[in-house]
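Asks: To start, I am sharing the structure in question, which I have written as structure tokens.
The values are calculated or read from the model by the stated rules, or taken from the named source; none is laboratory data. Quick caveat, the model's predicted, so the values are computed rather than measured. Neighbour counts are summed over all protein chains in view; Cβ atoms, including those assigned to glycine, are modelled from backbone coordinates with ideal geometry.
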Amino acid sequence: MIEARIEQQPVGARDADGSFLVHLPGTLMAPAPAIVAATFGVRDLAAARKHVAGAGFTVVDGPGRFMVPAEEALGVVHLFRQE
């Protein structure tokens, strides 16, 4: 008999020290090890959001950022934040 233990953990991107940078609820992730998110710094967050949403992508807003879920972005969450 084979037993498996599955632990639920919050899904998100982690910093090198293991702390969460951002939680990514509701997005499907590739199994580890994998690149699960890419962050893009933009000059005008509102203009970037309008452009991405206007192109037909789902936009999920967060504090000081927005994201496109991995399911719509080549399997990698695309995070946008103002730089």
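Asks: Does the stretch 44-56 contain at least one residue that is in contact with a Leu (Cβ under 9 Å, 6 or more places away or on another chain) and not in a strand (DSSP E or B)? Can you show your working first?
Replies: Of the residues in the stretch 44-56, the ones in contact with a Leu (Cβ under 9 Å, 6 or more places away or on another chain) are none.
Taking every residue of the stretch 44-56 in turn, none turns out to be in contact with a Leu (Cβ under 9 Å, 6 or more places away or on another chain) and not in a strand (DSSP E or B).
Asks: Considering only the stretch 62-75, state which residues are part of a strand (DSSP E or B) and either more than 11 Å from the chain's Cα centre (by Cα) or modelled with pLDDT under 90 (or both). Quick ask: steps written out before the conclusion?
Replies: Here is the first cut: in the stretch 62-75, the residues part of a strand (DSSP E or B) are 62, 65-68.
Gly62, the sole residue that qualifies.
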